[in-house]
Each structure stands twice: as structure tokens, then as C-alpha cells.
Amino acid sequence: MGAEPLHREDVTLEDAESVGKAVVYARLADRSRSRAELMEALAKKHVPSEVAESLLDRFERAGLVDDAAFARDWVEGRQRVKGLASAVLRMELRRKGVDEELIDAALVDVDPDEERQAAHRLVQRKLRSVQGLDPSVQVRRLTGMLARKGYAPQVAFDVVREELEAETFPLESA
């Protein structure tokens, strides 16, 4: 990760701070991170918790660590790129140590209709790979894919049914 872990007993505060800064900058270089993720990275490099807390407080004041912005960006990006449903996004943010209130705030803007349209797009992309299979296998694979992305069973079955019907009778929709 760039910074060597601290191991010696005679490590100065300046050394710990220097290693901590290097770790935080390295982790933030590729994408934003939650405070909890950064604390975990600092702990792995054996940066004392009081040094890590102080360092992250300064990064927060500078606007480089912001769990609310991180949660909003995470939801927007993962929903757009992966088509994930709110349930999975909530679980991922919890795993990243984001506070429940911040998760709720980030998910409040998720539109159920947009989420359903994302499910339709996911099924449409996957349809080609299941063509020619038994219809029950198609349903199982497509609903399983949506379930892994966090869609409720009823939504998954409805979307798959609608897409398979549209695929079976494409001229009727024209």
C-alpha cells in the first residue's frame, strides 16, 4: 500500500502520523472511502488508534473523508453500473462501516420505478445467454441473477415474466 507497517516499540508520533497520512492518501487515491474503511487500513499498518482518529478528523475537516458523500456516491455508482437494488446497497454500506442514518439518507432518493427499470435492463442483457434453454431454467437463472443483485422475489419474478413474454411475442409490442 506504500507505507511500511509500524512494528518498533520506539516509534515516534511523527512516524505514526507520517505512515498514517501515506496510508490514507494511498487509499483515497483510487476512490473515496468510508471513515471505518480508513480506520481499518490504518489499524493494519499498526497506526495507534489515537493517531488514526486525529488524522481522520483532520481529513474530515478538509472534506477528504465524508461518509455522507461516500454513501451517496456509492449508491449512485453501484446502482448505475451494477444495477444493484437498495437491499444490497444497504448491506454493502453497512459492511463499509457507514452509519445507519447516513445509509437511510443515501437510499432515500432511490426511485422504486428506476430500480425496477434497472431490473428490466439486467434481464434484457442476460436473455441472450439463456435463449434455447428450458423455460423453467431461464426463469430460475434470471430470477437468481436478480436475487443476487438484491431484488425482492416478487419483483424478480414479475420482471422476468414480463421480459420473457416480450421476448416470446416481440411483434405484439411493435
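Quick notes
- Dipole magnitude of region 100-174, debye to nearest 20 (Cβ charges: Lys/Arg +1, Asp/Glu -1, about Cα centre): 660 debye
- Farthest towards the positive end of the charge dipole of the chain, among the residues 23, 133, 146, is the Cα of 133, using unit charges on the Cβ of Lys, Arg, Asp and Glu.
- Debye, to nearest 20: dipole size of region 13-61, +1 on Lys, Arg Cβ, -1 on Asp, Glu Cβ: 260 debye
- Exposed loop sites, defined as GluC sites (Glu not before Pro) outside DSSP H, G, I, E and B with at most 14 other Cβ atoms within 10 Å, are absent from the longest region of the chain, namely 10-171.
- The candidate values were (1) 122; (2) 147; (3) 131; the one computed from these coordinates for volume of the Cα convex hull per residue in Å³ carries the label (2).
- Charge tally in the Cβ shell below 9 Å around residue 41, where Lys, Arg are +1 and Asp, Glu are -1, residue 41 excluded: +2
- Convex hull of region 112-168 built on C-alpha atoms - directionally averaged projected area, nm²: 3.5 nm²
- As a proxy for reagent exposure, 134, 15 were ordered by neighbouring Cβ count within 10 angstrom, fewest first; the result is 134, 15.
- Cleavage-rule hits, trypsin sites (Lys or Arg not before Pro), region 30-108, DSSP coil, Cβ neighbours within 10 Å at most 14: 31
A short reminder: the numbers here are calculations on the coordinates, not readings from a lab. The structure presented is a predicted model; accordingly, all values stated were derived computationally and were not measured. We place every Cβ from the backbone using ideal geometry, glycine too, and count neighbours over all the protein chains shown.
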